[in-house]
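Comments concern the structure below.
No value in this document is a laboratory result; all are computed from the given coordinates. Just so it is clear, the structure is predicted and the values come from calculations on it, not from any experiment. When we count neighbours, we look across all protein chains shown, and the Cβ atoms used for this are built from the backbone with ideal geometry, even at glycine.
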Amino acid sequence: MRKPILIIIALFVLLNGAKVYGQSTLAEQLASHISLKMRDSLKLTDEQQTRIYQINLELHRQKLQVRGLYRKADSLQMKYQEIENTRDGLYQVVLSSDEKYQLYKKKKSSLVNAN
């Protein structure tokens, strides 16, 4: 009786661990994709690209945290939007020049979307 319970617990831990690992990898891939597109399109320095990458990882981390707190789709969407609304301000600090920031604003939809 005890052995099947231990097996079930072990499977649960393994599956949840794989899920977290997969999410982390996906977040890193997405952050890298966005930062590379922005580097090429806005001619970012290596430091700017790294900071954009870190911002995107942090935004993803915040969304994961919110997902654990809110179950209703409306509440979740509203909280996601609050997080997304911080993106431009965080990017503006990194992009430093008004010219790069304005170019980012013009190209935002193609740069930030995962296409």
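Taking a straight line from the alpha carbon of K43, these aspartates and glutamates sit under 16 Å away, with near neighbours fewer than eight places off in the same chain left out: D98, E99. Site pair Q102 and V66 shows an inter-label distance of 3.0 nm when each label is modelled 7 Å from Cα along Cα→Cβ. Taking label positions 7 Å along the Cα-Cβ direction at both Y80 and S41, the computed distance is 2.0 nm, reported to one decimal. A DSSP coil position with no more than 15 other Cβ atoms inside 10 Å describes the following chymotrypsin sites (Phe, Trp or Tyr not before Pro) in the stretch 54-115: Y70. Counting every other Cβ atom within 10 Å of each residue's Cβ, M38, M78 order from fewest to most as M78, M38.
Sorted fewest first by neighbouring Cβ atoms within 10 angstrom, L64, L57 come out as L64, L57.
Qualifying trypsin sites (Lys or Arg not before Pro) in the stretch 42-115, where qualification requires a DSSP coil assignment and no more than 14 other C-beta atoms within 10 Å, comprise K43, R71, K72.
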